[in-house]
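Below is one structure, written out as structure tokens; comments come after it.
Any read-out appearing in this document is the output of simple, stated calculations on the displayed coordinates, not a laboratory observation. Just so it is clear, the structure is predicted and the values come from calculations on it, not from any experiment. Here the Cβ positions follow ideal geometry from the backbone for every residue, glycine too, while neighbour counts run over all protein chains shown.
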Amino acid sequence: MKQLVVFLFVSATIYACTNTSEKINTVVNTSSCVKEGPEVDLMKKALTAYCNGDWPTFATCFSDSALSYHNADTVGTKMTDRIEMFKKQRESLGETVDPGNPNLEVVTVDSKNERYKDYKWGHAWVRFTRTAKTGEKKSTLTFASFAIKNGKIDWEQVIYDTK
């Protein structure tokens, strides 16, 4: 019995060592992280439109069913409603919004979950600087995550300091 256990252990070890390269070569990694491409361009378009208050262009970046979550929101807001909120904010806050030099990336991850099939995940780190109508400048570091599919943003999660 002892010899059988030793034989099986040695056999398993030899098998594992000799087939390592074959096993590695058969694994297909479909994950990626890019800083350019159509999804990054989509995020740039949305960011530029937001900063310029160009709400019709901003709206074209999102799917018809897009939801927006900000900070600790537990229920998504329809993007059309979020845009109306942005319009009112802009009236009181002032027109000048500068995104500085945003850091944008898009990540693709292979998922077995059908809910996330064909999605790409956009991430944006942006330091927004606003100039209020009073001339006062405020700066806010913002992180945004986007679910992108078929050339549109399906949902966004935006995190920033509300003070």
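Non-local amide H neighbours of Gly94 (under 5 Å, H modeled in plane, Pro and chain starts lacking H): which ones?
Counting only residues 5 or more places away or on other chains, the set is Lys133.
Can you give the Kirkwood hydrodynamic radius for segment 54-93, in Å, rounded to one decimal and based on Cα pairs?
Taking every pair of different Cα atoms in segment 54-93, averaging 1/r and inverting gives 10.8 Å.
Report, ordered by chain and residue number, the lysines lying within cross-link reach of Lys88, taken as a straight Cα distance under 20 Å and ignoring same-chain residues fewer than 8 apart.
Here the lysines satisfying the reach criterion relative to Lys88 are Lys78, Lys133, Lys137, Lys138, Lys163.
Quote the FRET efficiency, to the nearest 0.05, computed for Ser63 versus Asp118 with a Förster distance R0 of 22 Å and r equal to the Cβ-Cβ distance.
Efficiency for this residue pair is about 0.95.
Let me understand segment 29-160 better: what is its radius of gyration from the alpha carbons, and its Dmax, in angstrom?
So, for segment 29-160, Rg and Dmax equal 15.1, 53 Å respectively.
Given contacts defined as C-alpha pairs under 8 Å and at least six residues apart, what's the relative contact order of segment 51-103, whole-number percent?
In percent, rounded to a whole number, it is 44.
Cut-off under 18 Å on the C-alpha distance; same-chain residues fewer than 8 positions from Lys35 excluded. Which aspartates and glutamates are left, in chain and number order?
Once the sequence-local aspartates and glutamates are set aside, what remains near Lys35 is Glu105.
Would you order Phe58, Phe146, Phe86 from fewest to most other beta-carbon atoms within 10 Å of each residue's own beta-carbon?
Going from least to most buried by this count: Phe86, Phe58, Phe146.
So how do 48-56, 132-140, 150-158 stack up, highest first, on mean other-Cβ count within 10 Å?
Per-residue Cβ counts within 10 Å, averaged per peptide and sorted highest first, yield 150-158, 48-56, 132-140.
Is there a quick way to get the dipole size of segment 29-160? I mean about its Cα centre, with the Cβ of Lys and Arg at +1 and of Asp and Glu at -1; what is the value in debye to the nearest 20?
In total the dipole reaches around 220 debye.
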